1. Students often check this: by mean Cβ neighbours within 10 Å, which of 233-244, 218-229 ranks highest, and how do the rest follow?
2. On a straight-distance basis, which lysines could pair with Lys192 in a cross-link, Cα separation under 18 angstrom, same-chain partners fewer than 8 positions away excluded?
3. Mind checking the dipole of segment 209-284: about its Cα centre, +1 per Lys or Arg Cβ, -1 per Asp or Glu Cβ, Debye to the nearest 20?
4. Below 8 Å between Cα atoms, with a sequence gap of 6+, how large is the relative contact order for segment 209-284 in percent?
5. How big is the Kirkwood radius of segment 196-277, worked out from every pair of different alpha carbons and given in Å to one decimal?
6. Note down the Stokes-Einstein diffusion coefficient of segment 123-207 in µm²/s, whole number, using a Kirkwood radius over alpha carbon pairs, 4 °C, and 1.567 mPa s.
7. So between Thr292 and His83, what do we pick up on full extension, going 0.36 nm a residue minus the alpha carbon distance?
8. Quick check on packing: order 66-79, 138-151 by the mean number of other C-beta atoms within 10 Å, highest mean leading.
Amino acid sequence: MDFSKQNITNYYLYDTAVDNMFIAEYMATAPGDYVKAYLLALMYANLNVPCTNEGLAKQLSIPIEEVMLSWNHWEKLGLIKKHYQDTENKLRYTVEFLNIREARFGKRSDSSTKANTAINLTDDELAQLFRDIEAVTGRLFDGKEPQEIASWISDYNISPDVILFGYKYCTQRRKSSKYRYVGAVIKDWNEKGFKNIADVENHLEDNDSRHFIYRRILKALGFIRNATEEERRIIDTWFDDMDFEIDRVLEACKKTSGISNPNINYINSVLCAWRKEATGDLGKVTEENLYTRVRNLYEKDREDNEQKTRDNLEKVFAKVPRVKELITELRESSYRLSKAMLMGVNGVNSMALEKERMTTLNQEKVKLLLENGFSKEATDTIYTCKLCKDTGMLDSGDRCTCFNEKAERLLVEASK
């Protein structure tokens, strides 16, 4: 007698068993996309149906990076185990779903034990890192930014020094301090095996386009050395503020052939003169200075909106002092949540408590605002464009649509 089993043709006619402990203990403290990836993959695993990270990402309409990060998250908690086909390739692996009760009460897997030995920061060290980042970016943290930073440390074992350097680099060189953009840069460095700032700096010296430009300009002036900090600052203005192309700058360098002491300041005076000539006395908008003019509009938007935000906060705090206390408590709770994330399995309960506390604090803040005649967004930072937050750059690094709108407005005004 032969035995056979009907092939599965409609997945939705079957059930997927999910342990109540997952729902009550793990799901509540995990990012939503991580939960989606876990449950959908669990369904396919129970049905013995092959699936891939790409397939999960497409079906869930989330980035594939989120799916892969979810496996890091669940592996740290001991709910899954990765099996690598090639130990040299950390991106190709199969996922084994482990017994949740054993993960919680039984013997820890190797990955769980490893999570407990991740980089350990004291509360003061973590708070100092956050303060340093806010000082570098010139803004307060955005949404889940503290938790994202903590995940870089816990999931990738990235040094806090490298994270701070990444923020400095992206803010100064890439003109974007958005944490998703910074995170992409830092993760790229991590994948290249850079463990400290020296590794990153060596890489940038050899490969970063701006560093190449520094060396190219100094070479044109007859120098075989790295640019000083002041020289880098001046050179940056030629490209970021004056919007010159490298060929035009090198043309200015040729004018030093008749002087005994060629230097960056001389080139700067030449370029400033060319720029003044190009813009004209009336400040006519040209292709060369359009970018700078748009950036100036963004700068004005930020200054105006920062003042409006401060004015709003002063009005709220004067009428409802408790709101100021709540904002301070929310920031402190956010720091503690970030610290709990670094603790892996040992921090799960603390994470749940802090998230519950933040929800309660936010509810109290909204209630007080509404009761006193304010909108629930009265303490939020004001932006002219909420997509790019008045930077002109999206999280992906692409230019925001409002950039072109500002440029078109300038061109229309100039044509009148």
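Every number in this text was worked out from the coordinates using simple rules, so none of it is lab data. Since we're looking at a predicted model, the values are computed, not measured. Methodologically, a virtual Cβ is constructed for each residue, glycine included, from the backbone with ideal geometry; neighbour enumeration extends over all protein chains shown.
1. Per-residue Cβ counts within 10 Å, averaged per peptide and sorted highest first, yield 233-244, 218-229.
2. Straight-line reach from Lys192, under 18 Å: Lys90.
3. Here segment 209-284 has a charge dipole of around 320 debye.
4. It rounds to 28 percent for segment 209-284.
5. It is 13.3 Å.
6. Taking Rh from Cα pairs, D becomes 101 µm²/s.
7. Using 0.36 nm per residue and subtracting the Cα-Cα distance, I get 70.1 nm.
8. So the order, starting with the most tightly packed, is 66-79, 138-151.
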